[in-house]
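**Student:** First the structure, which I've put down as structure tokens, then a few questions once you've had a look.
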Amino acid sequence: MAASSSSSSSLAVVVVVAAVALVAGGGAAVAQLCEEYYDCTCPDAYDIVRRVLIDAHRSDARIFASLIRLHFHDCFVQGCDASLLLDSVPGMPSEKTSPPNNNSARGFPVVDDVKAALEDACPGVVSCADILALAAEISVELSGGPGWGVLLGRLDGKTSDFNGSLNLPAPTDNLTVLRQKFAALNLNDVDLVALSGTRITSPANSISVLPSCPPELTTTTIMRNAGGHTFGRVQCQFVTDRLYNFSNTGRPDPTMDAAYRSFLSQRCPPNGPPAALNDLDPTTPDTFDNHYYTNIEVNRGFLQSDQELKSAPEATGTTAPIVDRFATSQAAFFRSFAQSMINMGNLSPVTDPSLGEVRTNCRRVN
């Protein structure tokens, strides 16, 4: 099911079919995800998802970033199986309630709306896991980013992995830890750098304190971000250590640009509310572009895990050259981001009907 061609800025990535090795019950089974999976059973699935997302965006400008992040947080915990969407039941706490997701992951009601619309059109056909994959691509494309052929055919898992969600990439992770977490899923350094912008957005309910951007920090070369960070907001608690007590030294992070540090200190004073929100991109918060990387190039990455991609000693010869390439070429970033989203979407999909299902309600198993 190909992405819509309505966005002139989208770069189409042609991927017709991908073989996915699935190991289940001690035996190996080969399944395939493909773009055309619903062409006969629910031919309007893509357009239905797109229509619901456009409608949701009218009342929630942050929803596109939130949906991209849901796909990331789902795939990184026991694969792309919609386990993140399950509510808690006795004996199985939800991934939603784990510290990386609680009061942070958002957009679940919109997923419910998409599912309801699809059930009206094609009952029992489109999985919740595929809804997350489609919603992520559509969210990027509608925000000016690249389009790609979304591989489909995942089933929904029947379990939630609370403990696994505790190991999601964190905004305070150093580069060594980030590379280890990605490598554990057979994702490489290009995937890490390209997908870094999808790892954190704002919590669902927080106080918003957004002082006006000072004149010296209003140019697009300074304050724009890309990836998921183009869209989102972040709580002050994720940057205060960098501003005032980096690595328990009682001093700020020496890699942070001094003017940018002064700007963030106004937004996040030492005794300010930890849940206060900050636009990651106050200049163009709803545009998907490559300026996340140009910020990192000049030591203006908001999160420690952002700046580590360029400034950590280990970055030389690993992630730093990739940051450089994306900063100088938006087209290169778009191509890599699209391919990395496909790679992430192939993480352990459930395709064996004995192990998965098409949920009628994304919040619970059938």
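**Student:** Which whole-Hz couplings ³J(HN,Hα) result when phi for each residue of the stretch 316-326 is put into the Karplus expression 6.51 cos²θ - 1.76 cosθ + 1.60, θ = phi - 60°, listed in order with x for Gly and Pro?
**Tutor:** Here the 3J(HN,Hα) series is 4, x, 10, 8, 4, x, 6, 4, 4, 5, 5 Hz.
**Student:** Ignoring ligands and nucleic acids, what accessible area does residue 181 show with a 1.4 Å probe (Å², nearest 10)?
**Tutor:** 30
**Student:** Could you state the accessible area per residue of the stretch 45-183 in Å², with a 1.4 Å probe and every protein chain left in place?
**Tutor:** Per-residue accessible area for the stretch 45-183 comes out at 31 Å².
**Student:** Could you please put 293, 37, 244 in sequence from largest to smallest accessible area, using a 1.4 Å probe?
**Tutor:** 37, 244, 293
**Student:** Further, regarding this structure: Pull up the cross-link candidates among the lysines for residue 158, meaning alpha carbon to alpha carbon under 26 Å and not fewer than 8 places away within one chain.
**Tutor:** 96, 115, 181
**Student:** Ignoring ligands and nucleic acids, what accessible area does residue 57 show with a 1.4 Å probe (Å², nearest 10)?
**Tutor:** Counting only protein heavy atoms, the figure is 60 Å².
**Student:** For the stretch 131-180, with all protein chains present and a 1.4 Å probe, just round the carbon and sulfur fraction of the accessible area to a whole percent.
**Tutor:** It is 47 percent, rounded to a whole number.
**Student:** Hey, can you grab everything whose amide H is under 5 Å from the amide H of residue 92? Only 5+ residues off in sequence or another chain; H modelled, so Pro and N-termini drop out.
**Tutor:** Amide H to amide H, under 5 Å and 5 or more residues apart or across chains, residue 92 pairs with nothing.
**Student:** What is the stretch 236-366's relative contact order, in percent, from Cα pairs under 8 angstrom and six or more apart in sequence?
**Tutor:** 18
**Student:** Hey, any idea what % of the stretch 319-366's accessible area is carbon plus sulfur with a 1.4 Å probe?
**Tutor:** 51
**Student:** Whose amide H sits under 5 Å from the amide H of residue 155, counting only residues 5 or more places off or on another chain, with H placed in the peptide plane?
**Tutor:** 350, 351
**Student:** Next up: Which value in nm describes the separation of the simple spin-label points at residue 186 and residue 251, placed 7 Å from the Cα toward the beta carbon?
**Tutor:** About 4.5 nm, to one decimal.
The values are calculated or read from the model by the stated rules, or taken from the named source; none is laboratory data. Since we're looking at a predicted model, the values are computed, not measured. Neighbour counts run over all protein chains shown; Cβ positions are idealised from the backbone, glycine included. Ligands, DNA and RNA are excluded from the accessible area calculation, which covers all protein heavy atoms including side chains. Shrake-Rupley method; radii C 1.70, N 1.55, O 1.52, S 1.80 Å.
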